[in-house]
Structures are given as structure tokens and as C-alpha cells.
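A quick write-up on the structure given underneath.
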Amino acid sequence: MSIVDRAKKIILQPKQEWYVIDREPTSVGELYTSYILPLAAIGPIASIIGWSVVGLSSPMAGTFRSPIGAAVIQAVVHYVLGLVGVFVLALIIDQLAPTFAGRKNRLQALKVAAYSSTTVWLVGIAGLVPALSVLWLLSLYSLYPLYVGLPRLMKVPGEKAMDYTVVVAICAVVLFFIVEIIGTRTPGM
């Protein structure tokens, strides 16, 4: 399945798509190269363009643009941290599964972490125009595919799905803030 079809289906038809994903044979390497690496690059590439070319305008101060070198360094750091973050989130999902009567399976956990991050990665395109940063709120939709995918792939009973989703979502938010703090403290920024 193409990356575009998968992204579209995970956003528009997540219930049906998780059934396909559950049975789909893949490997960690294949998942990273065919899905995670390209989608996770959207935000960092858009932010390089947005902050270095477009900039952020202020009526009193004019337009602020980041030097291209600084923007590239920050984008690379965010990209690498994002890739690591998906893997760490998968480890968290895997470790928490038995707590909610689910089955541990690192590959399935990585599928959940990766595919439920689709909305977040696609919303990264808003980085092209820094003034549109409020559009990051759209990435909250990623909670729905997460809620639908966790019980299916990690074999968690339906009555525990909401609790599992809430705990994983809290962990994901904490992880996101750690990545942001580290990413914004990049030397030379």
C-alpha cells in the first residue's frame, strides 16, 4: 500500500485500516523506511522553509527570519528526536500492554505509535507559514486513531481501551514536551 493511501485511510477510516494493519507483515526497518522517515520529515522541512524564507511578521518589528544554518540544525535535531520519540513511544505502549490485559508485541506497538502519529506529521506542513502555528491543534485528532488502534493491535479488551489510551496519550504528551525542550535547546539556536 502506498504511503498516501495508508495516511488517508488511517485518518478517514481508522477502524477499518487498523484491521488491515493488524494482519500486515512488516519489520521495524520497513516501517521506518516506508512510512516513519518520510512522514516525520514533513514538519522539519516545512519549518526550515517557514522560518528561513517566509518568516514571522510583526506589525511593529517587521519580519523575523531565522538564519538558514540555524533552521537546518534545529530541523535535523527535531527530526532525529522525533524518530527516537516514535520508538520510545512504542516501547511505552509495549510495556503498558499487560497492565491493561493486553499482549506485549514491540512490532505491533511500533505500528500503533507510527500510524497514530500520522496526523501530527501531516499537520507539520503548517510550518511553511509560522503564523499558522495554531493549526497544530489539528494534531489532537491523532488521539482517535490511537484509541481505535491500541485495543486492536495490542489485544486489549474493549473495557480497558479508554484507560490504556489515556495513559499512552499522557506519556506521548510528556515525551513530546521533552523532545521540544531538548530540540529548542540546540546549541547555536
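The values are calculated or read from the model by the stated rules, or taken from the named source; none is laboratory data. Being a predicted model, the structure only gives us computed values, none of them experimental. Quick reminder, even Gly has a Cβ in these numbers, built from the backbone with ideal geometry, and neighbours come from all protein chains shown.
For the reader, a short list of remarks on this structure follows.
- Of all residues in region 20-51 being at pLDDT 95 or above and of a type in the set (Phe, Trp, Tyr), the one that is surrounded by the fewest Cβ atoms within 10 Å (Cβ to Cβ): TYR32
- Condition check for GLY127: more than 18 Å from LEU96 (Cα to Cα) and buried (at least 22 other Cβ atoms within 10 Å of the Cβ): yes
- Region 130-144, subset touching a helix residue (DSSP H, G or I) at 6+ places or on another chain (Cβ under 7 Å) and free of Cβ contacts under 8 Å to residues at least 40 places away in the same chain, residue nearest to ALA7 (Cα to Cα): SER142
- Beta carbons closer than 7 Å, at least 6 apart along the sequence or on distinct chains, pair a first residue in region 25-51 that is touching a residue at least 60 places away in the same chain (Cβ under 8 Å) and closer than 12 Å to LYS111 by Cα with a second that is of a type in the set (D, E, K, R) and surrounded by fewer than 22 Cβ atoms within 10 Å (Cβ to Cβ) for TYR35/ARG6.
- Exclusive hit being crowded, with 19+ Cβ neighbours inside 10 Å, touching a helix residue (DSSP H, G or I) at 6+ places or on another chain (Cβ under 8 Å) and β-branched (Val, Ile, Thr), set VAL112, VAL167, VAL179: VAL112
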